[in-house]
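The values are calculated or read from the model by the stated rules, or taken from the named source; none is laboratory data. Not measured: the values here are computed from a predicted model. In this analysis, Cβ positions are derived from the backbone assuming ideal geometry, glycine residues included, and neighbour counts consider all displayed protein chains.
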Amino acid sequence: MIRLTEIKLPLNHAPEDLTTAITTKLKISAEQMASFVMFKRGYDARNKRNIQLIYTLDITLTDSDLTNDLLVQFESDNHVKATPDTSYKYVGEAPKDLTERPVVIGFGPCGLLAALTLAQMGFKPIIIERGNEVRQRTKDTFVFGVSVN
Ligand SMILES: Cc1cc2nc3c(=O)[nH]c(=O)nc-3n(C[C@H](O)[C@H](O)[C@H](O)COP(=O)(O)OP(=O)(O)OC[C@H]3O[C@@H](n4cnc5c(N)ncnc54)[C@H](O)[C@@H]3O)c2cc1C
């Protein structure tokens, strides 16, 4: 995917103007673009009479060779780059012959995330929680909703 940054369009632009802005910037036809997603949209309101939308867009082309060609062609343009891989990377992976399992004590938000992450890494965590069952805990929080009137 190609990431375009600083695509500026007027506040009241038509949806199809995005496609036009992409194809114009990359000098490609609409048919060469398979799809695009909006990664970010910001506002530049420094000039109150000309407020602009600033887009960061990720574009998928129909041809991966064309993607590579364009990245080379626009090498010196800081607003045309390969979309970075921001997918989450686990810091570790459980060994195939897992013998010892980690223990997570407490199943609050921190324990939940720790246990989930460990499980996703294949560590089969054991969770110990000393508190009430979820249903009772929910009931316990009802007293917090005391009216201040
Ligand atoms: C009255 C109140 C209202 C709140 N309202 C909000 C809110 O509206 N929004 C918000 O974002 N945050 C709110 N918070 C804060 C939020 O609850 C905490 O930030 C969050 O719960 C902390 O998560 P935690 O996993 O660190 O700890 P906890 O949620 O406290 O989880 C710790 C868990 O460990 C268990 N445990 C502890 N010791 C042991 C042990 N020795 N053996 C086994 N289990 C054990 C406990 O039973 C508990 O379930 C509120 C907190 C309080 C007290």
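The selection criterion, being surrounded by 11 or more Cβ atoms within 10 Å (Cβ to Cβ) and either more than 11 Å from the ligand (Cβ to nearest atom) or closer than 30 Å to Lys40 by Cα (or both), does not hold for Arg135. Only a single item in (1) in a loop (DSSP other than H, G, I, E, B); (2) within 30 Å of Glu129 (Cα to Cα); (3) over 20 Å from the mean Cα position of the chain (by Cα) is not met by Ser76, and it is number (2). Every condition in (1) modelled with pLDDT of 95 or more; (2) part of a loop (DSSP other than H, G, I, E, B); (3) surrounded by fewer than 16 Cβ atoms within 10 Å (Cβ to Cβ) is met by Glu6 except one, and the failing one is (2).
Is there a residue being within 15 Å of the ligand (Cβ to nearest atom), over 29 Å from the mean Cα position of the chain (by Cα) and not assigned by TED's automatic domain parsing to the domain that holds Asp58 anywhere in segment 119-126? Yes: segment 119-126 contains one or more residues that are within 15 Å of the ligand (Cβ to nearest atom), over 29 Å from the mean Cα position of the chain (by Cα) and not assigned by TED's automatic domain parsing to the domain that holds Asp58. Tell me, yes or no, whether segment 69-83 has at least one residue that is touching a Lys or Arg at 6+ places or on another chain (Cβ under 9 Å) and within 16 Å of the ligand (Cβ to nearest atom). Scanning segment 69-83 turns up no residue that is touching a Lys or Arg at 6+ places or on another chain (Cβ under 9 Å) and within 16 Å of the ligand (Cβ to nearest atom).
Taking first residues from segment 19-41 that are surrounded by 15 or more Cβ atoms within 10 Å (Cβ to Cβ) and of a type in the set (Gly, Ala, Ser) and partners that are part of a helix (DSSP H, G or I) and modelled with pLDDT under 95, no Cβ contact under 7 Å between residues at least 6 apart in sequence or on separate chains turns up. For Ile105, are the conditions met, namely being within 12 Å of the ligand (Cβ to nearest atom), surrounded by 12 or more Cβ atoms within 10 Å (Cβ to Cβ) and among the hydrophobic types (A, V, I, L, M, F, W, C)? Considered against the rule, which asks whether it is within 12 Å of the ligand (Cβ to nearest atom), surrounded by 12 or more Cβ atoms within 10 Å (Cβ to Cβ) and among the hydrophobic types (A, V, I, L, M, F, W, C), Ile105 comes out as no.
Check Lys81, Lys89, Lys48 and return the single one that is within 30 Å of Ala21 (Cα to Cα) and either among the hydroxyl-bearing types (Ser, Thr, Tyr) or loosely packed, with under 10 Cβ neighbours inside 10 Å (or both). Quick ask: steps written out before the conclusion?
On the way: Lys81 fails: either among the hydroxyl-bearing types (Ser, Thr, Tyr) or loosely packed, with under 10 Cβ neighbours inside 10 Å (or both); Lys89 fails: within 30 Å of Ala21 (Cα to Cα).
From the options Lys81, Lys89, Lys48, the qualifying one is Lys48.
If the requirement is being within 16 Å of the ligand (Cβ to nearest atom) and out of contact with any Pro (no Cβ under 7 Å at 6 or more places or on another chain), which of these qualifies: Glu100, Glu129, Glu93?
Working: Glu100 fails: within 16 Å of the ligand (Cβ to nearest atom); Glu93 fails: within 16 Å of the ligand (Cβ to nearest atom).
That would be Glu129, the only listed residue that is within 16 Å of the ligand (Cβ to nearest atom) and out of contact with any Pro (no Cβ under 7 Å at 6 or more places or on another chain).
For Ile105, the conditions (1) touching a strand residue (DSSP E or B) at 6+ places or on another chain (Cβ under 8 Å); (2) within 30 Å of Leu61 (Cβ to Cβ) are fulfilled apart from (2).
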